[in-house]
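To start, the structure itself, in structure tokens.
Where a number appears in this text, it was derived from the coordinates with a stated rule and is not lab data. Keep in mind that this is a model prediction, so the values were computed, not measured. Reconstructed Cβ throughout: ideal geometry from the backbone, glycine too, with neighbour counts over all protein chains shown.
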Amino acid sequence: MIREQKLSSRLFDGFNYIFLTAFAILCLAPMVHIFAVSLSGRAPATAGFVSFFPLDFTIENYQEVMGSRTFLRSFMISVARVLTGTSLNMALVILTAYPLSKTPRVFKGRNLFMWFFVFAMLFDGGLIPSFLVVRSLGLLNTLGSLILPNAVPIFSVILMMNFFRDVPKELEESALIDGASHWKVLWFIYIPLSLPAIATLTLFAAVNHWNAWFDGLIFMTDNANYPMQTFLRTVVVELDLTNVGIDPRDLQRLSDRAIRGAQIIVATVPILVVYPFLQRYFISGIKLGAIKE
Amino acid sequence: MNKKLPRDASNLKPSRRDFLRLSGASMAAMMMARYGGLPSVFAQGMGDIPAELHPGSPNNPRGWTTNLPPIPEGMPVDPPVTITGSRRGPWEFADGDDIENTNFTRLNAAVTGIIWKLAFSWTDNEEEVLQKYNLAIASNELPDFMETVPLQIYGELLENDLVEDITDVWDAVAHPVWLKEAWSFGDGAAWQYAEVNGRKMGLPHTEQAAQNDKLLWIRQDWLDAVGMSLPTTIDELYAVAKAFVDADLGSGGEGSTIGIAAANNFVTWYSSLDPIFGAWGVMPGSWTPDANGDLQYNSVLPEIKEVLGVLRQWYAEGIFARDFFTLRPPQTAFGQIGANTCGITMSPAFAALFGLPDSVTNDPSARWTFGDIPAGPTGIKKKAWSNPVVDSVFCFRKGFEHVDLVLKQIGWWAELLQNPENRYHGFEGTDYYWRNDAGEVDSMGANLDLASGYDGNKHIWGPPGTNGSALTEPRFETNWIKHRREVWANVPEDERDAYMEAFLGGDELSVMWDDANVFAVDHWEADGIRNHFTTFPTRTMERAGSSLNDQEAETFVNIVTGEASLDDFDSFVENWRNGGGDRITDEVNEWWHGQI
């Protein structure tokens, strides 16, 4: 009996390993393929000969990408956006979550504010009103249009708030008894205790900023100001030329798969580099705050 | 045009200028005829354009001078006028330049007095341009000049009376040659969208003529291998394709050779089969006049059934790829032509730049040639006519006061850029660079922006009227090729300037591209089957059109692949007529007869 159970559970484990390995390979395959394409010569890449190993190995594609002013400019815009946008997000998330984590007895009107935020999370003004607001504020074509409209990620605020609530009240009370102000309590007690949550939410915010493309499309009326993902999207989307006049520019676009591969890789690497550093917080962070007492 | 003029041996060697005049005599005569009777609007002097704003390189040892056309009357306007416009992009600029400040805009401001401000820009992404125009409409902030407005937006603007009627201004100031004459091809085909109820509501968006007109591209080395010559009839085409397949000449695995490249659409822009339908005088998807002068829908004509029968037999014999109906046109270019599994494709002139180069790179022994499309059993030789009019329009905001200035500007630039005699080749330092020692112009490499996927010719970003907006003369490219071959080629080698040298000759494929381009344009108006239905879709088309089209595509593919019997064509015709086709025919003819 016992041996049989062991066998079946072993079989199950074995199957799990095989299944998960296959699944992981499946997820990795497109990335490996693009990487191989980006290191291949133009002709075999466009002819579709490249699978998982580069043919006509060359780093020319990367040289082209790094030498292109358009690409580098959009890359720098994205970097600036991630740095300023993420800092702003985190500052506002912490400052908003702290008072909201208090009970209505401590913070009068807390529920009203909470509803206000939840409402804004569930409903937004829609595309055109947002555009009109941003335009009237004179933010079109500025970095501000990318970071201000979503400066307070409300979902992150709720996660943060729940995390703060898990911090033992006794710590806060003892600090207050010692005469600390709320600023001091937040800075010396809550923030050091919440680093896993802060790391996780920072990662969320950074990835969101890095991958966002739609707001760039809408708020940048001059396409010289596109952040990288918006720029990449305009380059990578395949053209349908059936009804459109052929322009040599478009032909170029259709036949430069290798270059596009290199662009995709260059666009992915920064976020890949950030992940390992935040990974350990990421796993413990996301479940913390999920359970409330 | 092409013959060399006899030269008197006793004469001294003519100078370059003499030679240009001599050999270009026919062209010059043509130009004289064109410009002889220009109205006084265009007869003004050159004005004072500072030398540093001039394009061209007159001071280099082997440079050239660009002739600026006469400045339109009343220009440059004083004080300068600021006009807002929407533009396509993205392009790269020289250091310190941006879209509002380039060589182009600086020269333009000096010539016209117009200062262009960017309202918004987009790349060629279809969704993106709609998004941007919708935002402009919603925020009630239309630019003065709107570039390549998609039809959907254009219709919306017309409905809400937001577009300026430019008919009268056009008649008064449009350039007689580079605007009025350039857009007079095909019985007013240029104006199919821009003109509404006889009023001009905008300017047409035209591209190169015969751009998608097919030629028969074929592997010369394979023809040699099977001992056959360039096919001129459908039967010969079949014999050659069959020979290629039987000899298995392709470089893929055994038995992987395909006879003729075909894609998921029989009538498409690359690896198309439209010349085969054309050989029976019909074109699927097109409306052509019948004997009574009514328009008829070609896809339901009995000739189509004959062609489908032929294609069905060819498919069964392995002429087409087993899965051809799943391939998009670029996939045939790279996966079949480029991969050298196929030696025949019916594709436009630009195949020499798209598909063929990959073929030669992957197999250096590949030699391509092109010929005319094959003739059918009764000697008919036709193909789908490619309309150079793109389905978007340039228009002006309702109430905009300076339409005349913009039209004059567009005419001036069109003349500068499109008349080969003016020797416009861009601005030194941004469009081309001077190589110090050899004295040759680096015409492409230095500013080719491969990373963004665009040919980074910065001059593309000129104001309206320059190449970036659109060509006005659909034969522009062909005129240039002819000019190079008929005028420049006759200049003695030691007297050619650097640009001439760079653009005469070239590698085998680029010469072939020039040949094919000229050939296609020469056959453009005569060999094309033109779709005569050139307006917005009718009511029933909007409702039932897409399902009818799906049915048609499915039936045709199933017949060719043997999934359905050939006689299923008859039931398709029946279904088409009852499912809205008859009503569509009535609506189309109502429009057609109302036109005349």
With a 10 Å cut-off between alpha carbons and a GNM built on chain A, which of A:Phe52, A:Phe116, A:Phe15 moves the most? A:Phe15
Checking segment B:508-571 for trypsin sites (Lys or Arg not before Pro) in a loop per DSSP with at most 14 other beta-carbon atoms within 10 Å yields none
Placed amide H near B:Trp368: partners under 5 Å, 5+ positions off or other chain: B:Gln220
So the FRET efficiency between B:Ser256 and A:Val133, C-beta based with R0 = 51 Å and rounded to 0.05, is 0.30
Under the helix-only model (-39500 (n - 2.57) for each DSSP H run of 4 or more, divided by the residues of chain A), the mean residue ellipticity at 222 nm, to 500 deg cm²/dmol, is -22500 deg cm²/dmol
With each pseudo-label sitting 7 Å past Cα toward Cβ, what's the B:Thr65-B:Arg484 distance in nm, one decimal? 2.5
Give me the orientation-averaged projected area of the Cα convex hull of chain A, in nm², one decimal. 24.2
With θ set to phi - 60°, apply the Karplus curve 6.51 cos²θ - 1.76 cosθ + 1.60 along segment B:346-362 and write out the HN-Hα couplings as whole Hz, x wherever there is a Gly or Pro. 9, 9, x, 4, 6, 4, 4, 10, 9, x, 4, x, 5, 4, 5, 5, 6
Compute the FRET efficiency between A:Leu26 and B:Asn101 as 1/(1 + (r/R0)^6), taking r as their Cβ-Cβ distance and R0 = 56 Å, and round to the nearest 0.05. 0.65
Footprinting exposure proxy for B:Arg219, B:Arg367 (fewest neighbouring C-beta atoms within 10 Å first): B:Arg367, B:Arg219
Inter-chain shielding metric for B:346-359, i.e. average beta-carbon neighbours from other chains within 10 angstrom, reads 3
Say each of B:Asp494 and B:Ile49 gets a label point 7 Å from the Cα, pointing the same way as Cα to Cβ; how far apart are those two points in nm? 3.4
At a 10 angstrom cut-off on C-beta neighbours, averaged per residue, how do the peptides B:521-529, B:506-514, B:337-345 rank from highest to lowest? B:337-345, B:521-529, B:506-514
Please sort B:71-83, A:259-271 by packing, taking for each peptide the average over its residues of neighbouring beta carbons within 10 angstrom, highest first. A:259-271, B:71-83
How many angstrom lie between the C-alpha centres of segment B:138-182 and segment B:341-398? 32
Can you compute the FRET efficiency between B:Ser546 and B:Glu73 using 1/(1 + (r/R0)^6), with r the Cβ-Cβ distance and R0 = 56 Å? Round to the nearest 0.05. 0.65
Which value, in debye to the nearest 20, gives the size of the charge dipole of segment A:67-197 about its Cα centre, when Lys and Arg are +1 and Asp and Glu are -1 at the Cβ? 400
How many Cβ atoms of partner chains, on average, are near each residue of A:124-134 if near means within 10 Å of its Cβ? 2
When you look at the Cβ of every residue in A:214-225, what mean number of other chain Cβ atoms sits within 10 Å? 5
Counting other C-beta atoms within 10 Å, and keeping those with at most 12, which DSSP coil GluC sites (Glu not before Pro) do you find in segment B:203-304? B:Glu254
Taking only complete DSSP H runs, can you tell me which helices of chain A stretch 15 Å or more along their own long axis by Cα positions and average at least 0.0 on the Kyte-Doolittle scale? A:2-38, A:69-100, A:110-122, A:154-166, A:195-211, A:257-287
